[in-house]
1. State all residues of the range 16-39 that are out of contact with any strand residue (DSSP E or B) (no Cβ under 8 Å at 6 or more places or on another chain) and not small (Gly, Ala, Ser); if no residue qualifies, say none.
2. Any residue in the range 249-263 that is hydroxyl-bearing (Ser, Thr, Tyr), outside any helix (DSSP H, G or I) and in contact with a strand residue (DSSP E or B) (Cβ under 9 Å, 6 or more places away or on another chain)?
3. I'd like to check something: does the range 283-291 contain any residue that is among the aliphatic types (A, V, I, L, M), open to solvent by 60 Å² or more (accessible area, probe 1.4 Å) and in contact (Cβ under 8 Å) with a residue 24 or more places away in the chain?
4. Would it be correct to say that residue 121 is within 13 Å of the chain's Cα centre (by Cα), at pLDDT 95 or above and either of a type in the set (S, T, N, Q) or part of a helix (DSSP H, G or I) (or both)?
5. Which condition does residue 115 not pass, out of (1) within 26 Å of residue 160 (Cα to Cα); (2) open to solvent by 60 Å² or more (accessible area, probe 1.4 Å), if it passes all the others?
6. So residue 103 clears everything in (1) touching a residue at least 40 places away in the same chain (Cβ under 8 Å); (2) in a loop (DSSP other than H, G, I, E, B); (3) surrounded by fewer than 22 Cβ atoms within 10 Å (Cβ to Cβ); (4) not hydrophobic (A, V, I, L, M, F, W, C) except one condition, right? Which one?
7. Looking only at the range 248-263, count how many residues are open to solvent by 30 Å² or more (accessible area, probe 1.4 Å) and touching a residue at least 60 places away in the same chain (Cβ under 8 Å).
Amino acid sequence: AVVDPDTGAFDVVRRGTTLEVDPGYLSEPEPIEFPTTGGEVAHAFFYPPTNRDFTAPPGELPPLLVLSHGGPTSAATPELDFGYAFWTSRGFALVDVNYRGSTGYGRAYRDALRGNWGVADVDDCVNAALHLAATGRVDPERMAIRGGSAGGYTTLGALAWRDVFAAGASYFGVGDLTTFVDHTHKFEGHYLDVLVGPLPEAADLYRERSPLTDADQIDCPVLVLQGLEDAIVPPAQAEAIVAALDANRVPHAYLAFPGEQHGFRRAASQVRAREAELWFYGRVFGFRPADDVEPVPLAHAEGLPAPH
């Protein structure tokens, strides 16, 4: 689009997609602020469930998906995302968290993650969920967290170090910081010097900040998704978490995608991952998706509620 800087008016030159979607199925993001640790304030975009054809039963609050973005020093933006509409049109509320360290809120906010990765990001995702539950916008018993790459790390950390979420989904997330530094690509090889601390001086901190170290504290169902040709977060990271979940008899599923790298590129992989995640939440929260989706092999699922 060409934008007039004085009036804000714009002319459309070319659309990013020719797909036409009725606005009645699209949730509009609401910027929110919420209190977090250290007396600070964190930021997010809240997406309420939206589907013009359905309304929730009286008095029923929606389940919540907390989205933890990758980067980790990138940012969530309120642009149209049909992936988000997949969830909000099916009755989920979403909160896309710009935890401390995210771009767009000033230098002090960005620098708040220096040395605090695995702490500030986890706290802010947890407090976003607690804020929405406390204000009566979501069901506190049906809150899950999801994320990819660095967002997968935050997801696994929130499940290991906090007792807030009923489920989590990690897409190619980091589980062990020490082996991640040893095996990731050179471009990000020293990223953690700033986010956690330099090695070898901070070796103990790397172990302390690794979700794998405290995987025995995870007691809710987890979905792990991984590309088998991922050179940034190698499959060994996912496999170590899955092995720990299995040893502790935690309900879990592991979906490995041959030929996929860091971020799924094939349409079939993206569809399978999204539908598998929907089925997973249905199994955890006790509902049967209206969509005809292929079930996910879920280990140690004996205690989960039966779908209805």
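The values are calculated or read from the model by the stated rules, or taken from the named source; none is laboratory data. Predicted model, so just to flag it, every value in this text is computed and none were measured. All Cβ positions, even for glycine, are placed from backbone atoms using ideal geometry, and neighbour counts span all protein chains on display. What goes into the accessible areas is simple: the full protein's heavy atoms, side chains included, and nothing from ligands, DNA or RNA. Shrake-Rupley method; radii C 1.70, N 1.55, O 1.52, S 1.80 Å.
1. To start, the set of residues in the range 16-39 that are out of contact with any strand residue (DSSP E or B) (no Cβ under 8 Å at 6 or more places or on another chain) comprises 16-26, 37-39.
The answer is 17, 18, 19, 20, 21, 22, 23, 25, 26, 37.
2. Our first condition is that a residue be hydroxyl-bearing (Ser, Thr, Tyr); within the range 249-263, this holds for 254.
Next, from what is left, pick out any that are outside any helix (DSSP H, G or I): 254.
Applying the additional criterion that residues be in contact with a strand residue (DSSP E or B) (Cβ under 9 Å, 6 or more places away or on another chain) yields 254.
Checked against the condition, which is being hydroxyl-bearing (Ser, Thr, Tyr), outside any helix (DSSP H, G or I) and in contact with a strand residue (DSSP E or B) (Cβ under 9 Å, 6 or more places away or on another chain), the range 249-263 yields at least one hit.
3. Initially, the range 283-291 is screened for residues among the aliphatic types (A, V, I, L, M), giving 284, 290.
Checking which are open to solvent by 60 Å² or more (accessible area, probe 1.4 Å) leaves us with 290.
Filter once more, keeping what is in contact (Cβ under 8 Å) with a residue 24 or more places away in the chain: 290.
Checked against the condition, which is being among the aliphatic types (A, V, I, L, M), open to solvent by 60 Å² or more (accessible area, probe 1.4 Å) and in contact (Cβ under 8 Å) with a residue 24 or more places away in the chain, the range 283-291 yields at least one hit.
4. Values: within 13 Å of the chain's Cα centre (by Cα): yes; at pLDDT 95 or above: yes; either of a type in the set (S, T, N, Q) or part of a helix (DSSP H, G or I) (or both): yes.
The answer is yes for residue 121.
5. That leaves (2) as the condition not met.
6. The one condition residue 103 does not meet is (1).
7. If we filter the range 248-263 for residues that are open to solvent by 30 Å² or more (accessible area, probe 1.4 Å), which is where we start, we get 248-249, 254, 256, 258, 261-262.
Restricting the remaining residues to those that are touching a residue at least 60 places away in the same chain (Cβ under 8 Å) gives 262.
Residues in the range 248-263 being open to solvent by 30 Å² or more (accessible area, probe 1.4 Å) and touching a residue at least 60 places away in the same chain (Cβ under 8 Å): 1 in total.
Condition check ((1) in contact with a Cys (Cβ under 7 Å, 6 or more places away or on another chain); (2) open to solvent by less than 10 Å² (accessible area, probe 1.4 Å); (3) free of Cβ contacts under 8 Å to residues at least 12 places away in the same chain; (4) over 22 Å from residue 145 (Cα atoms)) across all residues:
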site: 200; (1), (2), (3), (4): no, no, yes, yes
site: 204; (1), (2), (3), (4): no, no, yes, yes
site: 210; (1), (2), (3), (4): no, yes, no, no
site: 217; (1), (2), (3), (4): no, no, no, no
site: 224; (1), (2), (3), (4): no, yes, no, no
site: 231; (1), (2), (3), (4): no, no, no, yes
site: 235; (1), (2), (3), (4): no, no, no, no
site: 242; (1), (2), (3), (4): no, no, no, no
site: 246; (1), (2), (3), (4): no, no, no, no
